[in-house]
Amino acid sequence: MNVTIVGGGNIGTQFAVHCAEKGHFVIVYTSDPAVFHNHLRIVDNCGNTTHEGVIEYATNDPEKAFCNADIVFVTYPPMVIAPVAELIYQYAPETAYIGLIPGNGGGECAFRKCIERGNIIFGLERVPGVARLVSKGESVRSYNYRDELHVSSIPAAYIDKCCQTIEEIFEMPCRAIPNYLNLTLTPSNPILHTTRLYTLFKDYCPGKKYSYIPLFYEEWDNDSSELLIACDNEVQAICRALSEFDLTYVKSLKDHYESQTVEAMTKKISSIPSFRGIKTPTREENGNYIPDLHSRFFVADFSYGLVCIKQIADFAKVSTPNIDHVLDWYRTIALEKAQFRFEDYGITDRDSLDDFYLRK
């Protein structure tokens, strides 16, 4: 296949290697093509090569990137997907399959015009495994690959082919999810990141500085777990209210982390090996710290991930006081005011939500 990877970061490089290793014709669409080598590698924690492949080239020319694509993997965060969706609509053929990695944050809505002309949109519930760049344009460290990937598509009728494609590339089983709204409501980063950031910085205001900031996961505390569970419960209430959808794959974080109590959740999250050493997004100022409000943890997970969930709750007429509280706090400190709005894509109520996500 002709495969275009949008984004040359952690996940984009990981996907490029796996696709090229399987013999596909791979192009990387990136703002910085000059740094890319043709030979890309995935390495383990010891630096040993575990996967490698040769891409055709990297480019920042959208016509070259998309004009012959059979499949496009979009690894951009949701707040910058809309412009690239327009480029894909302009240059990619209407037969191209377009995959969002991962598939939450409302990014699927940006491809409405593509869907209406015949493109198939699909998304992964979560990324295949942890990926951290070692050398941009050359190598990425990938580990903790999942036992199974969950995939959904719009329209839903094409999910089997999407699953087969992902299975072939990553050599891991894929489960077909009955409708894409399962991905949109997945309480992963939109709940996990936002509740932790609120707990850490709820007293923040411009000018305030911190002498010490805990590690994001390893020093996770009970206050963070309590709020996480409360918001996670609200997501489950939304799923129960949307009875026209099969949302059984919106897995509660209590089940995902096998932790039903506050204390168990704290113990679990703080001990996950792949979470070790991950710092809280901050900026240093004269030996002190302030939250990095430009970080994806803030901009993507509040204004797109959590806002998207909140708007679905409104369509379903479900009360979400904890999610509301977290969002209200973020809006008082946010530097970037843009946020996801379903109405920008013609989705203004429950009926139009159903029309979009229940396409067969």
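We did not get these values from a lab; they are worked out from the coordinates using the rules stated. Please read all numbers here as calculations on a predicted model, not as lab measurements. We place every Cβ from the backbone using ideal geometry, glycine too, and count neighbours over all the protein chains shown.
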Checklist entry - Out of the DSSP beta bridges found with both residues in the chain, what percent are antiparallel (nearest 5)? => result 40
Checklist entry - If you take every DSSP beta bridge whose two residues both sit in the range 2-180, what share of them, in percent to the nearest 5, is antiparallel? => result 35
Checklist entry - Between GLU138 and LYS64, what length comes free when the chain is fully extended (0.36 nm per residue of separation minus the Cα-Cα distance, one decimal in nm)? => result 24.5 nm
Item to check | the chain: equivalent-ellipsoid semi-axes (sqrt of 5 x gyration tensor eigenvalues, Cα, Å) | outcome: 31, 26, 20
Checklist entry - Which of the pairs LYS22/LYS161; LYS202/LYS337; LYS136/LYS337 have their Cα atoms more than 22 Å apart in this structure? => result LYS136/LYS337
Next on the checklist: Per 0.36 nm of contour for each residue apart, how much would the distance between SER319 and GLU167 grow if the chain were fully extended, relative to their Cα-Cα spacing?
Outcome noted: 50.9 nm
Checklist entry - Stokes-Einstein at 10 °C, 1.306 mPa s, Kirkwood radius from Cα pairs: D for the range 17-124 in µm² s⁻¹? => result 108
Checklist entry - Can you give the FRET efficiency for ASP44 and GLU284, using 1/(1 + (r/R0)^6), R0 = 41 Å, r = Cβ-Cβ distance, to the nearest 0.05? => result 0.85
Item to check | Centroid-to-centroid separation of the range 39-97 and the range 170-215 [C-alpha atoms, Å] | outcome: 25
Item to check | Per-pair calculated FRET efficiency, R0 = 30 Å: ALA334 and ARG240 via Cβ, rounded to 0.05 | outcome: 0.50
